[in-house]
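What follows is a short report on a single structure.
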Amino acid sequence: MGRKTKTEIIEERKKLSGFNQYILKRYGEKGARAIKFSQGLDELDILLGIKKSSKFDDEDKKHLTEGQLKELEKLEKFD
């Protein structure tokens, strides 16, 4: 097998973490639309698309990687 693309890695990680189920349960129809159009996006990008703000609560943050949390800290300074 060849190397996985970034998109394949992100999709695999979302499935393993239960991220899609979390988004559907918490954000309903808005979450379903975000998942539908999320090809190639990571968890942080999807949450930013849903919330249109970087003000995430602890429940959202637990689905982010350490690197994504650092990116979020930078974004929060501008919000």
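Checking each residue in segment 49-77 for being touching a helix residue (DSSP H, G or I) at 6+ places or on another chain (Cβ under 8 Å) and closer than 18 Å to residue 7 by Cα picks out 49, 63, 64, 65, 68. Once segment 1-15 is narrowed to residues that are loosely packed, with under 13 Cβ neighbours inside 10 Å and among the aliphatic types (A, V, I, L, M), the residue that is nearest to the chain's Cα centre (by Cα) is 9. Among the residues making up segment 16-32, those that are under 24 Å from residue 67 (Cα atoms) and surrounded by 11 or more Cβ atoms within 10 Å (Cβ to Cβ) are 17, 18, 19, 20, 21, 22, 23, 24, 26, 27, 31.
Restricting segment 33-59 to residues that are in a loop (DSSP other than H, G, I, E, B), modelled with pLDDT of 85 or more and buried (at least 17 other Cβ atoms within 10 Å of the Cβ) leaves a set whose member that is farthest from the chain's Cα centre (by Cα) is 56.
The values are calculated or read from the model by the stated rules, or taken from the named source; none is laboratory data. No experiment lies behind these values; they were computed from the predicted model shown. FYI the Cβ positions are ideal-geometry reconstructions off the backbone, even for glycines, and counts take in every protein chain you see.
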